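Structure, as structure tokens:
The values are calculated or read from the model by the stated rules, or taken from the named source; none is laboratory data. This is a predicted model, so every value here is computed, not measured. No Cβ is skipped: glycine too gets one built from the backbone with ideal geometry, and neighbour counts run over all protein chains shown. Protein only, heavy atoms only, side chains kept; ligands, DNA and RNA dropped before computing areas. Shrake-Rupley method; radii C 1.70, N 1.55, O 1.52, S 1.80 Å.
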Amino acid sequence: QVQLVESGGGLVQPGGSLRLSCAASGSLFSIYHMAWYRQAPGKQRELVARITSGGTTIYTDSMKGRVSISRDNAKNTLYLQMNSLKPEDTAVYYCNAYTATLAYWGQGTQVTVSS
């Protein structure tokens, strides 16, 4: 069992930056692949980035070039550094931990990009 708690969201102006964190409790954080998703109002949840248990990163086109995913296994924490934010990046951002047979979600953190 893994519990995930996101933090770091908030209101930011266009062009600004935020770093989201996802703190994981429970055991064996390092064996999980991790991902960040987002869901804008009225839209489906979409993948932003993944990082495997081995540290390989994968980015989707949604924010490619403007985000960086990383993990600190010693701190059981996942990060998402977001730069050059745009109003269309406004969404709830969710942390996801998964294996071939299990998946866990956090409650989400709101990111609002507005002047």
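If Lys and Arg each add +1 and Asp and Glu each add -1, what is the summed charge of the other residues whose beta carbon sits under 10 Å from the beta carbon of Val92?
So the environment of Val92 carries a net charge of +1.
Tally Lys and Arg at +1 and Asp and Glu at -1 over the other residues with C-beta under 13 Å from the C-beta of Trp36: what net charge comes out? Before the final figure, lay out each step's value.
Working: positive: Arg19, Arg38, Arg45, Arg50, Lys64, Arg66, Arg71; negative: Glu6, Glu46, Asp89.
Taking every Cβ under 13 Å from that of Trp36, the sum is +4.
Picking from Ala100, Ala91, Ala23, which is most flexible by a Gaussian network model of the chain using Cα springs under 10 Å?
Comparing Ala100, Ala91, Ala23 in the GNM, the peak value goes to Ala100.
Heavy-atom accessible area of Met82 with all protein chains present, probe 1.4 Å, nearest 10 Å²?
0 Å²
Summarise the long-distance tail of P(r) for the chain by giving the % of C-alpha pairs beyond 19 Å.
Working: 2584 of 6555 pairs.
Considering the chain, 39 percent of its Cα-Cα pairs are separated by more than 19 Å.
Please compute the Kirkwood hydrodynamic radius over the range 55-115, one decimal place, Å, based on all pairs of different Cα atoms. Intermediate values should be presented prior to the final figure.
Details: mean 1/r = 0.0753 Å⁻¹.
Roughly 13.3 Å, rounded to one decimal.
Considering only protein heavy atoms, with the full assembly of protein chains and a 1.4 angstrom probe, order Glu46, Glu6 by accessible area, largest first. Before the final figure, lay out each step's value.
On the way: Glu46 70, Glu6 10 Å².
Ranking Glu46, Glu6 by accessible area, largest first, yields Glu46, Glu6.
Between Ser62 and Thr99, what FRET efficiency follows from the Cβ-Cβ distance if R0 is 22 Å, with the result rounded to 0.05? If you can, show how the numbers build up before the last one.
Numbers: r = 24 Å, r/R0 = 1.08.
After rounding to 0.05, the efficiency reads 0.40.
Between Leu28 and Lys86, how many nm apart are label points set 7 Å from Cα along the C-beta direction?
Once both label points are built, they end up 4.0 nm from each other.
Taking Rh as the Kirkwood radius, which is the inverse of the mean 1/r over Cα pairs, what is the Rg/Rh value for the range 40-87?
Ratio of gyration radius to Kirkwood radius for the range 40-87: 1.01.
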